[in-house]
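None of the figures in this text is laboratory data; all of them are computed from the coordinates on show. As the structure is a prediction and not an experimental result, all values here were calculated from the model. Here the Cβ is made from the backbone with ideal geometry for all residues, glycine too, and neighbour counts use every protein chain on show.
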Amino acid sequence: MVRAALWLESEVGEGEIFSKRELREAFPETAQIDRRVRDLRDHGWRIDTNREDPSLRQEEQRYAKRGDEVWLPRRGRTAAKAHLTTAQRSKVLADDDHLCRSCGVAAGDSYEDGVLSAQLDITRRRVSNLDGRVEVQLITECNRCRVGGRGTQADLAKIIHALSLLGPLERQIFARWIRDGARDFNGIEKLWGRYRALPAEARSTVESAVSGPGNSDGKRAR
Ligand SMILES: [Zn+2]
């Protein structure tokens, strides 16, 4: 893995594309060099395939961003993938309601495009806390999301700031989604679906009704 990292740095360069063939030619003696490159994602390296970056061809990958300096022996060891116990895994799965926290798929479900059935796994997510301290937290993710999700860092301050910009009603709705563990479509979104399916004339009737009597003189409320 260290040699793969050094090859990416010295031969490919950050932001550049390499092909699977070039990779194998650089390491003819290493049978699973693809896997060693994938392992770098555990150390914050971003290596995109055409799944994350549709501009890439099937056999191409992009060395998108450098991660930890895995060639430093100490760093390599501390950041190495520590195995979780069965109890730890079960707890994370239970805490996450046995759903992929990125896309919401459950184990064995098919994806929206009908391809593959989902497998859940536990991954590590770097979270920068409100005090700026970065820590690694465990999260449930499906096999598909995991490919793109590695090495990303969640920013709590940004999320909480965005929440603080919501109006009181939106915040209340958001709090209810958190409590229920799901977005409910019973209220405003269901109404939106029904509104959107109306013919144009009916939509404008609804629009004037929403704008209220104060705007009946033709001015439209934003
Ligand atoms: Zn997912």
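Hey, does the range 184-191 have a residue that's under 27 Å from Leu116 (Cα atoms) and surrounded by 12 or more Cβ atoms within 10 Å (Cβ to Cβ)?
Pass one, the range 184-191, residues under 27 Å from Leu116 (Cα atoms): 184-185.
Next, from what is left, pick out any that are surrounded by 12 or more Cβ atoms within 10 Å (Cβ to Cβ): 184.
Yes - at least one qualifying residue is present in the range 184-191.
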(request) Can you work out which of the residues in the range 37-66 that are in a strand (DSSP E or B) and not polar (S, T, N, Q) is farthest from the chain's Cα centre (by Cα)? (result) Glu60
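Quick one: in the range 165-176, which of the residues that are in a helix (DSSP H, G or I) and surrounded by 10 or more Cβ atoms within 10 Å (Cβ to Cβ) is farthest from the chain's Cα centre (by Cα)?
Of the residues in the range 165-176, the ones in a helix (DSSP H, G or I) are 168-176.
The next check asks that each one be surrounded by 10 or more Cβ atoms within 10 Å (Cβ to Cβ); those that pass are 170-176.
Numbers: Glu170: 23, Arg171: 23, Gln172: 25, Ile173: 23, Phe174: 20, Ala175: 21, Arg176: 23 Å.
Going through the qualifying residues, I end up with Gln172.
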(request) Kindly check whether there is at least one residue in the range 145-164 that is surrounded by 13 or more Cβ atoms within 10 Å (Cβ to Cβ) and of a type in the set (Lys, Arg). (result) yes
